[in-house]
Structure formats: structure tokens, C-alpha cells
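Working notes, beginning with the structure itself.
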Amino acid sequence: MSKTTVIAEIGLNHAGSFPMAKLMCDKARAAEATIAKFQWYRPEELLGKDSPYLAEATKAQFSPKVHLII
């Protein structure tokens, strides 16, 4: 019998907070998730450089390096 893979979708729910992202990963592990999935995108490409939401969206992004740490 094959093992089921459970993916915890964290996305951007951490709002750029490393402690929150870590807590979410810990909760996912406690719930027996196999993988924690985050989102990463380039806010300026998605929203446009003149978007009033650009600063907030940029702040919510972790760098690729931080993703590896998490």
C-alpha cells in the first residue's frame, strides 16, 4: 500500500512574518502533513509597478533563501 501525501497550503497566510510561517509549519507537522506549500511571486509583475498594493505585497514575500530555511 502506498503512503498518502498530505499538503498543507500555507500560501501567503503568514503575511511576511517568519515566526508565523514557522508556527504554521509546526502546526502542519503536528497534523501529519507531509509537505508545507508556500507561494512566491514577483509582486511588481503581478500587480504592476504603480499598484497601491505593491508595498504590502512585497512585504509579504519571503526571499528564496528564507524559503529554504523554513
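The values are calculated or read from the model by the stated rules, or taken from the named source; none is laboratory data. Predicted model only: the values in this text are computed from it and were never measured. Every residue, glycine as well, gets a Cβ built from its backbone with ideal geometry; the counts of neighbours run over all protein chains shown. Surface areas here come from the heavy atoms of the whole protein model, side chains and all, with no ligands, DNA or RNA. Shrake-Rupley method; radii C 1.70, N 1.55, O 1.52, S 1.80 Å.
Against the test of being acidic (D, E) and open to solvent by less than 100 Å² (accessible area, probe 1.4 Å), the options E45, E32, E9 yield a single qualifying residue, E9. Could you check A55 against (1) in contact with a Leu (Cβ under 7 Å, 6 or more places away or on another chain); (2) over 30 Å from V6 (Cβ atoms); (3) open to solvent by less than 90 Å² (accessible area, probe 1.4 Å) and say which number it fails? Condition (1) is where A55 drops out.
Taking residues in the stretch 42-64 that are under 18 Å from I10 (Cα atoms), and partners anywhere that are open to solvent by 100 Å² or more (accessible area, probe 1.4 Å) and not aliphatic (A, V, I, L, M), the pairs with Cβ atoms closer than 7 Å and at least 6 places apart or on different chains are Q61/W40.
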